[in-house]
Amino acid sequence: MAEPREVVVIGAGLVGLACAMTLQASGHTVTVLDPEGPGEGATMGNPGGLSVSSIFPTAVPGIHRKVPGWLLDPLGPLSIRWRHLPALAPWLWHFLRAATPAQVERAMRALHALTAPALEAYAPLLARAGAEDLVRHDGHLMVYRSAEAMRAEAGAWRRRAELGIAVTELSGGAVQEMEPALDPAYGYARLVPGNGHCTDPRGLARRFAEAIARDGGTLRLLPATGFVLADGRVRAVRTPEGDLPADAVVLAAGAASAPLAALLGDRVPLEAERGYHAEIPDSPVQLRRPVFATGEKIFAAAMRSGLRFAGTAEFARPGTPPDWRRAEGLLRLGRGLFPALREPSGKTTRWMGMRPSTPDSLPAIGQASGAANAFHAFGHGHIGVTGAAMTGRIIDALVAGRTPPVPLEPYRPSRFAEPGCAASSQAA
Ligand SMILES: Cc1cc2nc3c(=O)[nH]c(=O)nc-3n(C[C@H](O)[C@H](O)[C@H](O)COP(=O)(O)OP(=O)(O)OC[C@H]3O[C@@H](n4cnc5c(N)ncnc54)[C@H](O)[C@@H]3O)c2cc1C
């Protein structure tokens, strides 16, 4: 066990809390800072997919040909508020640069390293927090309207299978048998039995926070506003209520991490990639497992609070009000998936959250360039719930000075500032 230390974790989303719990289990004293409380950020309203098959980055060769069509479709999976374009330009530049076969292969291997052990990495945390009831192991069903649509993704699924991700192809009645509520128009599917599902990500964050407090940790409803640095180390974390001394610091503030990372010497292009959900609390449809409609790019999952439809990516200036038409669009697409929902009835709820997204879809995990005892753990984009527990293991190893359980080179926080890469204006 490492020498026990006072560790300050910035951010009480699932990533920060998983880091804090893992550090605590290693004997460290943890203080978690978050002005909003546990699980109120992107963690709150996502559909909880624990997805070992989410290994492809968003930037893939040919994506630039698909983007214009998506942007023109008001219900499409992507939207860019045009006034945000100048600020988004450096991020987009890195994004297009990442869309090469070599970069995709590199990102895929790195995402696989983080996601493949996800369920196993969660197990001790769930046991300690008494939260096993919030995670299910029933797989995911990827559904298609035609054999042609299914075939179009065959290469990507072959690659997943080569990496050991089990998948079964289904058609006709077998799809219906899996999910009787699904419209029979979806006659083709891939079942990924190794994927799991958290039925309440915010509830899970709250249980993690309770476990941390029970075991002697502290959660403070305060933002980190800066750092006291001396001799290449963080001595204290600045807050509106004074400086908190720290032997080590973990930065896990989700989409808000970039300005703090810059103070620690790393300019990371990080966008708040906004996603939405619409939820039917008293749904007549009871799903057996999450369903992803690949054409519509919508994820449907039975949550503790109702049937949740989640998806879409929207880039907008910070502070721009949510565009609730996107949540309405998800609801409309969701009703199309399940005939029993075609007659709108009862109440629905909606939510917008900000994925912390980097251009190459890889998180920034590693030692800060400007402080030997500060560690980044942010930028998990679409896989933050899935990757949280494994990130906790990595950070625990880094704080202890041990070799981390996976090679960290692809997640280097400094990778965007290296020769040939333009620095981002986002991290100012
Ligand atoms: C529509 C949608 C669907 C998604 N689906 C999935 C899915 O199925 N599976 C999956 O794995 N992921 C999914 N994601 C992604 C996932 O939600 C995120 O990757 C994950 O929640 C990120 O966790 P986090 O802890 O890094 O950030 P957050 O949950 O955003 O937590 C960051 C915390 O930091 C706090 N904070 C901010 N600034 C400061 C500061 N200065 N000081 C202290 N604290 C601060 C915030 O208040 C917040 O609580 C989805 C996201 C969206 C939007």
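The values are calculated or read from the model by the stated rules, or taken from the named source; none is laboratory data. All values derive from a computational prediction rather than experimental measurement. Heads up, the Cβs are rebuilt from the backbone with ideal geometry, glycines too, and the neighbour counts pull from every protein chain shown. Remember, those area values only see protein heavy atoms, side chains included, never the ligands or the DNA or RNA. Shrake-Rupley method; radii C 1.70, N 1.55, O 1.52, S 1.80 Å.
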### Summary
With the first residue restricted to region 381-394 and required to be among the charged types (D, E, K, R), and the second required to be open to solvent by less than 10 Å² (accessible area, probe 1.4 Å) and part of a helix (DSSP H, G or I), Cβ contacts under 7 Å at 6 or more apart or on different chains are ARG393/ALA121
### Message
Quick check on my filter: what residues within region 212-233 are in contact (Cβ under 8 Å) with a residue 60 or more places away in the chain, open to solvent by 40 Å² or more (accessible area, probe 1.4 Å) and not β-branched (Val, Ile, Thr)?
### Response
ASP215, GLY216, LEU219, ARG220, LEU221, PRO223, LEU229, GLY232, ARG233
### Query
So MET303 clears everything in (1) modelled with pLDDT under 95; (2) open to solvent by 10 Å² or more (accessible area, probe 1.4 Å) except one condition, right? Which one?
(1)
### Task
State which residue pairs qualify: first residue basic (Lys, Arg) and inside region 288-314, second residue in a strand (DSSP E or B) and modelled with pLDDT under 95 in any location, beta carbons under 8 Å apart, and separation of 6 or more residues or different chains.
LYS297/THR312
### Task
Scan (1) of a type in the set (S, T, N, Q); (2) within 16 Å of the ligand (Cβ to nearest atom); (3) open to solvent by less than 50 Å² (accessible area, probe 1.4 Å) for the single condition ASN373 breaks and write down its number.
(2)
#### Entry: Selection within region 264-278 - within 13 Å of the ligand (Cβ to nearest atom), among the charged types (D, E, K, R) and open to solvent by less than 10 Å² (accessible area, probe 1.4 Å)
GLU271, ARG274
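Do you know which residues across region 33-64 are among the small types (Gly, Ala, Ser) and within 16 Å of the ligand (Cβ to nearest atom)? Break it down stepwise before answering.
Of region 33-64, the ones among the small types (Gly, Ala, Ser) are 37, 39, 41-42, 45, 48-49, 51, 53-54, 59, 62.
Within region 33-64, GLY37, GLY39, GLY41, ALA42, GLY45, GLY48, GLY49, SER51, SER53, SER54 meet the criteria.
Tell me, yes or no, whether region 65-81 has at least one residue that is part of a helix (DSSP H, G or I) and either within 11 Å of the ligand (Cβ to nearest atom) or touching a Ser or Thr at 6+ places or on another chain (Cβ under 9 Å) (or both). Give the derivation first.
Taking region 65-81 and keeping what is part of a helix (DSSP H, G or I), we get 65-72.
Remaining after also requiring either within 11 Å of the ligand (Cβ to nearest atom) or touching a Ser or Thr at 6+ places or on another chain (Cβ under 9 Å) (or both): 70-71.
Yes, region 65-81 has at least one match.
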### Task
Return the pairs, sorted by first residue and then second, in which the second residue is among the basic types (Lys, Arg) and open to solvent by 40 Å² or more (accessible area, probe 1.4 Å), the first residue lies in region 45-64 and is more than 17 Å from ALA313 (Cβ to Cβ), the beta carbons are less than 7 Å apart, and the residues are 6+ apart or on different chains.
none
## Note on the structure
All-but-one check, LEU362 against (1) under 30 Å from ALA236 (Cα atoms); (2) in contact with a Gly (Cβ under 8 Å, 6 or more places away or on another chain); (3) in a strand (DSSP E or B), failing number (3)
